[in-house]
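To keep things clear, I will list the structure first and then write my remarks on it.
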Amino acid sequence: DAGVHSKAWYAATCDRKTAEDALYQSNKDGSFLIRKSSGQDSRQPYTLVVFYNRRVYNIPIRFIESTGQYALGREKSGEERFDSVAEIVENHQRTSLVLIDSQNNTKDSTKLKHIVRVS
């Protein structure tokens with residue numbers, strides 16, 4: 001277990017659209033939640049959904065089988081790895097998370113500040 005089930009920011013049964021709608025409604029930079037990934041792929045079990053600058057970012061959380069750790073986004077050299085999904089959240093509540101907009105090729109960054117609960 002990735003340490004997600006008891007957390008306020010974990011929206012277990014939430015799909016992508018529900019998550020995005022909830023974040024748009026919050027309308028606060030740094031609002032976030034974590035949901036199960038749509039694909040149900042064991043290598044990418046969760047998605048971090050973040051609101052920033054009137055946009056919602058869906059960032060895949062990868063599970064690295066060789067180390068039993070988690071990482072954000074596509075695999076890259078020198079990436080940060082974490083022992084649990086909760087550690088990713090705690091880390092990015094303290095340090096900024098880089099948000100990459102692949103359509104406009106821009107980069108932003110925000111900390112995870114506001115937990116959004118999906119009813």
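The values are calculated or read from the model by the stated rules, or taken from the named source; none is laboratory data. Just so it is clear, the model here is predicted, and its values are computed rather than measured. Heads up, the Cβs are rebuilt from the backbone with ideal geometry, glycines too, and the neighbour counts pull from every protein chain shown. With ligands, DNA and RNA removed, areas are computed over all heavy atoms of the protein, side chains included. Shrake-Rupley method; radii C 1.70, N 1.55, O 1.52, S 1.80 Å.
How much net charge surrounds residue 114 when only the other residues with a Cβ under 13 Å from the Cβ of residue 114 are counted, with Lys and Arg +1 and Asp and Glu -1? It would help to have the intermediate numbers written out before the result.
Working: positive: 28, 111, 113, 117; negative: 29.
Value of the local net charge: +3.
Accessible area per residue of the stretch 18-96 at 1.4 Å probe, in Å²? Please list the in-between numbers first.
Numbers: 4150 Å² over 79 residues.
Each residue of the stretch 18-96 exposes 53 Å² on average to a 1.4 Å probe.
Quick one: which residues, 5 or more positions from residue 31 or on another chain, have an amide H under 5 Å from its amide H? H modelled 1.01 Å from N in the peptide plane, none for Pro or chain starts.
It is 51, 113, 114, by chain and number.
How much accessible area does residue 102 have with a 1.4 Å probe, in Å² rounded to the nearest 10?
My reading of the accessible area for residue 102 is about 100 Å².
Which value in Å does the Kirkwood hydrodynamic radius of the chain take, with 1/r averaged over all unlike C-alpha pairs and then inverted?
Details: mean 1/r = 0.0700 Å⁻¹.
Evaluated on the chain, it is 14.3 Å.
Quick one: Cα centre-to-centre distance for the stretch 74-93 and the stretch 27-70, in angstrom?
Result: 11 Å between the Cα centres.
Around residue 26, under 14 Å between beta carbons, what's the net of Lys plus Arg minus Asp minus Glu among the other residues? Each step should come with its number before you reach the end.
Working: positive: 28, 54, 55, 113, 117; negative: 20, 21, 29.
My count for the surroundings of residue 26 gives +2.
So who's got an amide H within less than 5 Å of the one on residue 69, skipping anything under 5 residues away but keeping other chains? H placed 1.01 Å off N, in plane.
64
Using each residue's phi in the stretch 73-89, evaluate 6.51 cos²θ - 1.76 cosθ + 1.60 at θ = phi - 60° and report the 3J(HN,Hα) Karplus result to the nearest Hz, with x for Gly and Pro.
Working through the residues one at a time gives x, 6, 5, 9, 6, x, 5, 6, 10, 10, 7, 8, 5, 4, 5, 4, 4 Hz.
Which entries in the list 7/36; 36/76; 17/111; 76/111; 28/113 go over 19 Å, if you measure between the two C-alpha atoms of each? All intermediate terms of the calculation are to be shown ahead of the outcome.
Working: 7/36 13 Å; 36/76 22 Å; 17/111 22 Å; 76/111 21 Å; 28/113 9 Å.
Cα-Cα > 19 Å for 36/76; 17/111; 76/111; rest within.
Considering only the other residues whose Cβ falls under 11 Å of the Cβ of residue 55, what net charge follows from Lys and Arg at +1 and Asp and Glu at -1? Write down the numbers at each step before the final one.
Working: positive: 54; negative: 20, 29, 101, 108.
Cβ neighbours under 11 Å give a net charge of -3.
How big is the charge dipole of the chain about its Cα centre, in debye rounded to the nearest 20, if each Lys and Arg gets +1 on its Cβ and each Asp and Glu gets -1 on its Cβ? Don't jump to the answer; show the numbers that get you there.
On the way: 18 positive and 15 negative charges, 69 e Å.
In total the dipole reaches around 320 debye.
Counting only helical runs of four or more DSSP H residues, what would the 222 nm mean residue ellipticity of the chain come to if each run contributes -39,500 (n - 2.57) and the total is spread over all its residues? It would help to have the intermediate numbers written out before the result.
Working: 2 runs with 21 residues, N = 119.
So the calculated ellipticity at 222 nm is -5500 deg cm²/dmol.
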